[in-house]
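Below is one structure, written out as structure tokens, with a few remarks after it.
Just so it is clear, none of the values below were taken in a lab; they were calculated from the coordinates. Please read all numbers here as calculations on a predicted model, not as lab measurements. Using ideal geometry, Cβ is built from the backbone for each residue, glycine included, and neighbour counts are taken over all protein chains shown.
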Amino acid sequence: LTMVHTSGVQFCDVMYCSCDGSPDSHLQLLKAGLFPTTTKEPRTIFTFQVLDDFIQDNVKCRTSSMNYYSKLQRNTSNAFPHLVPV
């Protein structure tokens, strides 16, 4: 999965519980504090911290989502921000 956090964009492996009666993958992610971009086979997730941080930047500084993501790209790779996935 591609995980977007306040420190930048990282890739991580996730193993979902597949026990009988276990919730769907998107619900397991939500319980772990991760917001999936889709309910079916999520490939990108946002931490609740990055969503809260974006809201604060947007409200206080009127930062657009594009500029905020550009900041996250630079946090991930200051030398090569254009290589960070969009």
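A few comments on the model shown:
- Globularity ratio of the chain, using Cα Rg and 2.2 N^0.38 Å: 1.21
- Placed amide H near residue 9: partners under 5 Å, 5+ positions off or other chain: 76
- Net +/- balance of residues flanking residue 71 in space, Cβ distance below 11 Å, scoring K and R +1, D and E -1: -1
- Compared with the dominant principal axis of the Cα atoms in the chain, helix 65-76 is inclined by about 80°.
- Distant-in-sequence amide contacts of residue 34, defined by a placed amide H-H separation under 5 Å and a gap of 5 or more residues or a different chain, comprise nothing.
- Angle in degrees between helix 48-61 and the longest Cα principal axis of the chain, rounded to the nearest 10: 30 degrees
- Model label points for residue 35 and residue 78, set 7 angstrom from Cα along the Cα-to-Cβ axis, are 2.8 nm apart.
- Cα centroid separation - the range 11-52 against the range 55-86, whole Å: 22 Å
- Efficiency of FRET between residue 60 and residue 15 - r from beta-carbon atoms, R0 25 angstrom, step 0.05: 0.10
- Within the chain, antiparallel bridges make up roughly 70 percent of the DSSP beta bridges whose residues both belong there.
- Range in the chain, longest, excluding exposed trypsin sites (Lys or Arg not before Pro) [loop by DSSP; at most 13 other beta-carbon atoms within 10 Å]: 1-39
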